[in-house]
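What follows is calculated from the coordinates using simple rules that are stated; it is not laboratory data. Because the structure is a prediction, the values reported are computed rather than measured. Here the Cβ is made from the backbone with ideal geometry for all residues, glycine too, and neighbour counts use every protein chain on show.
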């Protein structure tokens, strides 16, 4: 199973995702509500997968994604958003995200995407 870093500016979303991933057999190695901390946590924790909220406070999730990919082009990042805007999805996939999922998808759908990304399907 995957070692996951959660980056989301919502305390509730971080807690929900942590429970979801752990119930699916994954290990959450860290989480942050601060976009500014995401890259340093990525560098120090060496997660196998990052879930990244698109809408963050001062710095956007898209900007964090670009920083992570610049540091490690092979990083596995799933962008999570409350929006299902196809233009946003296209942009983040072109920037290096492996997948884009809606924050309010079912537990099974989100875990399926994690498994597909980890298996190299996405």
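When a/c is below 1.5 the answer is rounded, else prolate if a/b is larger than b/c, else oblate, so apply that to region 1-60 with a ≥ b ≥ c taken from the square roots of the Cα gyration tensor eigenvalues. Oblate, since a/c reaches 1.5 and b/c is not below a/b. Sorted fewest first by neighbouring Cβ atoms within 10 angstrom, 104, 42 come out as 104, 42.
Could you tell me which of rounded, prolate or oblate describes region 35-82, using a ≥ b ≥ c as the square roots of the eigenvalues of the alpha-carbon gyration tensor, with rounded for a/c under 1.5 and, failing that, prolate when a/b is larger than b/c and oblate otherwise? Because a/c hits 1.5 or more and a/b exceeds b/c, region 35-82 counts as prolate.
Take the Cα of residue 59, step 7 Å toward its Cβ, do the same at residue 107, and the gap between the two points is 3.3 nm. If you wrap region 55-113 in the convex hull of its Cα atoms and look at it from every side, the mean projected area works out to 4.1 nm². Annotation: the chain has a Kirkwood hydrodynamic radius of 13.9 angstrom, from the mean reciprocal C-alpha pair distance.
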